[in-house]
Amino acid sequence: MAARDLKGVGEASVAPQPARHASVCERGRLRSTERSHRDTHHLFHQDGATGLRREPAMADWFEIITRLAAAALIGGGIGVNRHLHHKAVGLRTLSLVACGAAGLVLASLHADGTTPHVDAMSRVIQGIMTGVGFIGAGVIIRGQTDDRVHGLTTAAAVWMTAALGALCGIGEWRIIGVLSIIIALVLLTGGPVERWCDTALQRKARKPLT
């Protein structure tokens with residue numbers, strides 16, 4: 001009788017093991033399935049690791065259009081100011097400079113999917129700022145009758161337009177906003193302030209010494 005009771009207790013303790021084993025296997029299968037889905041999602045979004053090309057989502061297209069449009073607007077605003085001062089560069093030139101800088105920076109950011117490469121972006125920006133210097137040098141003119149040099153402000157405006165275009169490509173909106181305000185103040189008020197200083201200094205020079 002005791003042996004039968006012990007046998008029954010042993011069977012009762014052993015009986016649930018297949019069910020427990022099945023539940024453990026089921027949990028392991030679920031974890032494996034979730035891990036495979038996560039790995040597949042990672043593969044399709046990390047282009048640099050797999051060589052797969054990810055199609056830009058609608059949000060990416062909106063971001064690209066916004067950054068390029070902001071670069072064109074900022075470059076056009078600076079170009080209008082230079083055109084009103086009868087300079088060689090105008091709205092079209094500086095809009096193209098800003099859009100080109102923004103486009104190259106965006107290309108370096110989106111070349112490897114969602115993982116930005118700071119080194120590649122830094123090299124692109126360095127190349128942009130160096131190359132734009134040649135455009136700026138083309139608008140600098142030295143007078144034949146005097147030693148005055150004309151076009152330095154326009155050359156600096158071309159360089160700053162490229163810098164703002166690169167910042168639009170990165171998407172640093174706070175820096176863009178502050179820098180745009182400073183550039184607008186300098187371009188709009190710098191000329192009158194310089195003329196007032198020249199007039200004040202000339203009056204002071206004409207006053208006879210006592």
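Below are the figures for this structure:
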{"item": "R0 of 35 Å, Cβ-Cβ distance R148-W173: FRET efficiency to nearest 0.05", "result": "0.35"}
{"item": "Packing-based order for 95-103, 151-159, using average beta carbon neighbours within 10 Å, highest first", "result": "95-103, 151-159"}
{"item": "For L94, L179, order by how many other beta-carbon atoms lie within 10 Å, fewest first", "result": "L179, L94"}
{"item": "Cβ-Cβ FRET estimate between A120 and A69, R0 fixed at 30 Å, reported to 0.05", "result": "0.80"}
{"item": "Linear extension gain, A156 paired with F62, 0.36 nm per residue minus alpha-carbon span", "result": "30.7 nm"}
{"item": "Computed label-point distance, nm, for sites R195 and I140 using a 7 Å Cα→Cβ extension", "result": "2.6 nm"}
{"item": "Extension gain, T130 back to R92 (0.36 nm per residue minus Cα-Cα distance, nm)", "result": "11.6 nm"}
{"item": "Environment charge of G136, counting only residues whose C-beta is closer than 13 Å and scoring Lys/Arg +1, Asp/Glu -1", "result": "+2"}
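Rule-based calculations on the coordinates, nothing more; no lab input. Bear in mind that the values here come from a model prediction, so they are computed numbers and not experimental data. Don't worry about glycine lacking a Cβ; one is built from the backbone with ideal geometry, like all the others, and counts go over all protein chains shown.
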